[in-house]
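> Would you mind keeping the following structure in view while I ask a few things?
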Amino acid sequence: MERREQDDSYGHVLKYTGIFGGVQGLTILVALLRNKLTTRLLGEAGMGLNKRFMNIAEVINAWTNFGISFYAVQKISEIYEEGTDDDLRRFTRVIRTWSVWSALLAFGICFFFAAWFNDYYFPSGEHHRPEIMLLALFVASMPVEAVECALLKGLRRLRTVALIEVLSAISTLLFTIPLYFAFGLRGIVFSLVLCGWATALIHLYFSVRIYRYRVSLFSMRVIREGWPLIRIGIPYVLAGVAGAMATGEVFKYLGDDSVVGLYSVGYGLMVTYAGMIFKAVDTDFFPRLSSINHDTRRLNHAINQQVDVCVLLIAPVLIVFVLFMPWVIRLLYDSRFLPVVPMSVCAVFYMFFRAVSVPIAYTSLAKGDSWLFLIMECVYDVVFVVLLCLGYAYFGLTGAGIALSLVALFDLLMISTVYGAYYHVHLRLRTLRLILPQALLLAVTVGVCLYLPTLWKYVLGFLCLVLSAAFSWRCLSPEVPVVQRIGQFLRFGNHKHN
């Protein structure tokens, strides 16, 4: 009972959001150095080429991972709550066996169909077949790493997952830069292979200390035990394929690698960096939601609680990004990427709306309703491709930023409506009262940054930042003891100086 109360508290949500947000902050500092060197060594075209190779890997992984890792988190979380250690050990062997077969299948598809992927992703006639064949080694590492990470998440070894994030970021830096320096564009795939297996081996180092690595590749009993998981995961596989192919279609429409590189930087600024707060949603929130998926009252409470924390934490971060976007780009990348400033500013509501929709979207996955999840994802992907292509066609990269925000708004309205009808999941009035003021302050900041002179931009933008941060502090401090203690300490210091 005590454990349940701790998991349901704002303190727990903020604690792990803070842990993984902080870890993402450390990885961003490492990425800062990596990006600065990468942009100088590869330029916009190199960034675009890297994204194309990554998209090929993501499509193949989506086809071959069978949704094992995602639903493994749910199943392990349930066994962790209600089962025995023997049950966990047996299930771990099952998912590891399937991950090996998944890795072999992914390798084969990437290696033997390299010519087809080259023609599809490089229709202008570029010859990258040898690199795609080498990419098969990277694709094979993805299901191995994903399953080991799922095991750690399901067992609630969240501090270990956080440590792995840091170690993986450092290893990525150590492998990528020397290869880019030595081989230029030809070093992209080499770096992906080395970084992929380094990350997989880091996960294995920690996970095998909990459960020894055992697989039964030719045991029909073990394979049959994993089949129900695979059957449930088929819609998830199809959703992953649809998402990866949607991104690929956008890349094909954008055309030139330099444009793809600029778009990827603009998208990454809002999604990768500003989205560091969402790491806890996947790592901590989904296992908790899976363990209470049959209790509608607790489910609603957990979702609204997570939305509260996500919105209150991300709104000031987004305002900082919008206000100082040119400086952020110079810091994280290079002045050559300044043309993406309007796109990133216009795309800022993508992350804000996602802060509301993502916790709700996990409901179908926590309940195992994978076909509903697939339908929602496919509708989202179609709207994503249509709006992105129209936005870019009419307004260039700025239009792509506007389209991203509109896509996220559509997704929020669709998820709220459908899941409200199916699962009786609704945002509380208190949550709406937290969302609206932060949305208004963010909208004002976007407006002043786009249309006002520099002086007024910073004066009014900084005022919005102060109001947003103060509002978040005031809302969180009554709920979280650690925030209360910080506030008491600050008040004590003021009294002392007075």
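The values are calculated or read from the model by the stated rules, or taken from the named source; none is laboratory data. Treat the numbers as computed from the prediction; the structure is a model and nothing was measured. Ideal geometry is used to build each Cβ from the backbone, glycine not excepted, and the neighbour counts take in all protein chains shown.
> Of the conditions (1) surrounded by 17 or more Cβ atoms within 10 Å (Cβ to Cβ); (2) out of contact with any Gly (no Cβ under 6 Å at 6 or more places or on another chain); (3) at pLDDT below 80, Ala239 fails just one. Which one is it?
(3)
> Out of Glu165, Glu145, I need the residue that is closer than 23 Å to Ser99 by Cβ and modelled with pLDDT of 85 or more. Which one?
Residue meeting the stated conditions: Glu145.
> Kindly indicate whether Leu332 is modelled with pLDDT of 90 or more, more than 18 Å from Leu450 (Cα to Cα) and not basic (Lys, Arg).
When the stated conditions are applied, Leu332 does not pass them.
> Residues that are modelled with pLDDT of 80 or more and surrounded by 19 or more Cβ atoms within 10 Å (Cβ to Cβ): find the helices (runs of 4 or more DSSP H) completely inside region 1-82 holding 2 or more of those.
Passing ranges, in order: 10-64, 68-82.
> Is region 415-427 home to any residue that is of a type in the set (A, V, I, L, M, F, W, C) and under 20 Å from the mean Cα position of the chain (by Cα)?
yes
> Six or more apart or on different chains, Cβ under 7 Å: which pairs go from a residue in region 57-73 that's over 17 Å from Trp371 (Cα atoms) and in contact (Cβ under 8 Å) with a residue 40 or more places away in the chain to one that's surrounded by fewer than 24 Cβ atoms within 10 Å (Cβ to Cβ) and of a type in the set (Phe, Trp, Tyr)? Could you list them?
Pairs found: Val73/Phe286.
> So, one more: Filter region 333-344 down to the residues that are surrounded by fewer than 20 Cβ atoms within 10 Å (Cβ to Cβ) and in contact with a helix residue (DSSP H, G or I) (Cβ under 7 Å, 6 or more places away or on another chain) and list them by number.
Those that are surrounded by fewer than 20 Cβ atoms within 10 Å (Cβ to Cβ) and in contact with a helix residue (DSSP H, G or I) (Cβ under 7 Å, 6 or more places away or on another chain): Asp334, Arg336, Leu338, Pro339.
> Please go through (1) assigned to a helix (DSSP H, G or I); (2) touching a residue at least 12 places away in the same chain (Cβ under 8 Å) for Val215 and return the number of the only condition it doesn't satisfy.
Here Val215 meets the rest and fails (1).
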